1. For region 551-611, how big is Rg over Rh, using alpha carbon atoms and the Kirkwood form of Rh?
2. So what's region 230-310 giving for Cα Rg divided by 2.2 N^0.38 Å, two decimals?
3. As a test question: what accessible area, to the nearest 10 Å², does residue 602 have when a 1.4 Å probe is rolled over all protein chains in place?
4. Of the options 570, 254, 558, report the single residue whose Cα projects farthest towards the positive end of the charge dipole of the chain (beta-carbon charges: Lys, Arg +1; Asp, Glu -1).
5. Below 12 angstrom from the Cβ of residue 51, what's the summed charge of the other residues (Lys, Arg +1; Asp, Glu -1)?
6. In bins 5 Å wide, starting from 0, what share of all Cα pairs of region 196-259 does each bin hold, as a percent?
7. As an exercise, find the ratio Rg/Rh for region 144-213 from alpha-carbon atoms, using the Kirkwood inverse-distance average for Rh.
8. Tabulate in residue order the Karplus-calculated ³J(HN,Hα) for region 148-155, using 6.51 cos²θ - 1.76 cosθ + 1.60 with θ = phi - 60°, rounded to whole Hz; enter x for Gly and Pro.
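The values are calculated or read from the model by the stated rules, or taken from the named source; none is laboratory data. Treat the numbers as computed from the prediction; the structure is a model and nothing was measured. Glycine also receives a Cβ, built like all others from the backbone with ideal geometry; neighbour counts cover every protein chain displayed. These area figures cover heavy atoms from the full protein model, side chains too; ligands, DNA and RNA do not enter into them. Shrake-Rupley method; radii C 1.70, N 1.55, O 1.52, S 1.80 Å.
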Amino acid sequence: MRRALLLWAVLVCGACSSLAASAASGLPGPAFPRYESAAGLEAACGRHLATVKAAIGKLERRAGGPGWLAAYDDLNALGEDLASPVFLLSNVHPDPALRAASEACELRWQDLFSTLGQNEKLYRAARATRPRDDIDRELLKTTLESFEDSGVSLSPEPRARAKAIVDRITELDQAFNKNIRNETTRLAFSEAELKGVPESVWKSAARDDQGRVLLGLDYPSSVPVLQSAENPATRERMWRAKNNEGGPANLKLLAEIGQLRREYAQLFGFSSYADFTLRRRMAETTANAKRFLEEVRVAVTAREGRELDELREAKARDTGVALAQTKLERWDVSYYTERVKRERYSVDQEQFRAYFPAQESLALVMRVIEKVMGVRYTRVPNVALWHPDAQAYVATDVKTGKALATLYVDAYPRDGKYNHAAVWPIRSGSTRLQRAPQAALVVNFDRKGLSLDEMETLLHEFGHAVHNNLSATRHSSSSSVLRDFVEAPSQMLEEWVYDPRVLALMSEVCPACRRVPDELLAKARIAERYGKGTQYARQRLFASFDLALHDADAPEPMALWSRMESQTLLGHVPGSIFPASFTHVAGGYAAGYYGYLWSEVVAADLRTAFGSDKLDARVGRRYRDVVLANGSQWPPQVLVQRFLGRPTNSEAFFKDLQR
Ligand SMILES: [Zn+2]
């Protein structure tokens, strides 16, 4: 996953002192800002907003024409540098007061961005500017579209309403996320109730006054419980708690968000938000996205049915209840999937933790990136960041030795921290500004080691990290890419985890680490395919729900979800309110969740270029130069075609689905 980034970036000079500090630290670009208190952040927020407002005023006095686009990009760079750290801090800072101050600051930035989006002087200047080549033409085109989609051409009343709506949605999305982040649910289990769950998951957890183990809903606790608790009541409690995250309050927020998005689209003459937004995406129309999801549904339904039958049989064998009387519950799926994998393929996710110590695994993935893409990550010690766990790395070009970018890594869970996996782009690169990119990779791993699935997640997130770090676009504003393409480079890398030559690189970064036996990995590769029908069917459901939520009728989210989920093979569990924790839909993926599946088509196609050699440095370099370096300077279809030497197609994806 990854957060969207608003267009923003500089030559800051609220940051001149930090520029110097950072040069001393060995990281390219300005140092990450340090705030000692909420009041300090609030004061800096005010100063930064004033700096950007002054820069906007200056740009307003400049006529369109030669040089205007670069000046506009300078403004974006300035805004990005000053705003984006705050968007990260609200998700990772350990101090709740500082997180709250960050959120308050985000709203002030949102107000500035939405006002800027409707700036008529800048819009007129953009329209009067002629591009000097194709790269400028593409940026100018997306810049004009972005002004228009913000409402600059609307008459005064709907224009004011458009701004009010986007500002309100930001506020609602913030509240939605906060309800999940600040979730304090702890489930109490006796040791007997946790039978089957690895001791490492609960042994050192807090206990209540009756000596019961207290577990939260974070991944390192919830996933092992759902995958391995032998007691069905234990799994059910965890599943229900997980599917109530966010609570009824979030359903209300989501309903309001859906209504507001429809109203927003209507201001522009569109009947649905999906139609309004998809015309700017790779998919081009809602009909195309729906057609694609239907193709996926047809391709996976039979497989899903077979898999669920097998799980039900496994449950019947396990419980000794006759098959005809055995019902497979939602909280049985992970458990029996893992069990069948163990029985049939002798593969257990937990057994991989011994091979993948957390810090060494990070080094391994960095070494893979180095071999394939020619960029080396080196830890820079003693960089003061938002938390002692956060680490700083410099990315250096292996051939030239040039420092290219900075990557921050925040790897372990803690209270109040964003609890999924994501990369926050902090700074977009620009060759014109000689601006080094910066990003932050945030995950929540078990300190004792990673499962193979978590290794895959780490590779996925590195796909986003290098997309930022290896960007070499002319303008900083050309660095962020389309929502239905953004996952492709990450999904492409997921497969790397099953290649023994890739994992063998562990010996280079950790000679003492034991190597995953080839035979075990080969079995894991086969086992990984097991359950794909169920997984894709679920992804298809999420994507279809998201599109339906943003359809012309903007339906009530919970009623819609319960209707759609009821039509699935496992049905809907009354009392579960999954949409309350569907952060993607509340946030930037609005009518864009289909992009995960859509990007997979592109990812599978990209992968074909590597053939059987996932460490092929020649292909990797071409991939870096053609796809990653170009950001959105060219439309994604163009980049993929240049890399593959042919237009992209869905053959590899659908072939893979049948595997
Ligand atoms: Zn992702």
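1. Value, to two decimals: 1.12.
2. Compared with the compact-globule rule of thumb, region 230-310 sits at 1.62.
3. Looks like 10 Å² after rounding.
4. 254
5. Residues close to residue 51 contribute a combined charge of +2.
6. In whole percents, the pair-distance histogram is 3, 16, 22, 20, 15, 9, 8, 5, 2, 0.
7. 1.45
8. Taking θ as phi minus 60°, the curve returns 5, 6, 8, x, 4, 8, 6, 6 Hz for region 148-155.
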